[in-house]
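Let me begin by presenting the structure, written as structure tokens, before commenting on it.
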Amino acid sequence: MKENYCSTCGQDFKPSDLTVRCRLCMRNYHGGCWEKTGGCTTWGCAGKPSLENNDQDLAYKRCQFCGEKIISFATRCRYCRASLEPPESPGKEIPVKKKRDNSSGFRKDPILTGLLNLIFPGAGYMYLGMFTKGLIWFLVAIAAWFFTRGLGLIAVYIWVMYDSSRLALQMNRGMEPDTKKVQRP
């Protein structure tokens, strides 16, 4: 699948842009970004030629949303796709999810979170600290077993594995999990 954005600066490609594709990892780049960085910027890809004394010219920074290391001139993060530029007009503000206080510094593993649900449905939520939600899904799984004899239980297993892994990823990005229902006016 061809990406429609540059893997270095994060900007979407326009039809008139000159693009370059790394032959080894198949990532796409603007021609200028490819020249400025000296090749592919994908970690572990050998598509980046060795630069003689030009390594000092390449500066990196951390994305303020996901914390990943990105090139300093990037305008969009290549990992979380968040815009790194301030809003253009002062009247319009881009809504940002509330940051979660992650003072403990522990990241929750989304794969482990999903696999814990195989022990019993809801264990992944309990691993994330959502004990009430985990208990509720455990009770829903028991009810699904008694009323549907298996088919409903499989659906519950699939849902809790997906949802708890998604919430773990949101927590790792520092976002408040969107578990609340939207209130209509």
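The values are calculated or read from the model by the stated rules, or taken from the named source; none is laboratory data. Not measured: the values here are computed from a predicted model. In this analysis, Cβ positions are derived from the backbone assuming ideal geometry, glycine residues included, and neighbour counts consider all displayed protein chains.
For the reader, a short list of remarks on this structure follows.
- Picking from residues in the range 22-47 that are at pLDDT 75 or above and aliphatic (A, V, I, L, M), the one that is nearest to the chain's Cα centre (by Cα) is 26.
- Residue-level check: of (1) at pLDDT 90 or above; (2) polar (S, T, N, Q); (3) within 30 Å of residue 5 (Cβ to Cβ), residue 132 misses just (3).
- For the range 9-42, filtered to residues that are in a strand (DSSP E or B) and not polar (S, T, N, Q), the residue that is surrounded by the fewest Cβ atoms within 10 Å (Cβ to Cβ) is 12.
- Test: residue in the range 144-157 that is modelled with pLDDT of 85 or more and either at positive phi or outside any helix (DSSP H, G or I) (or both): no
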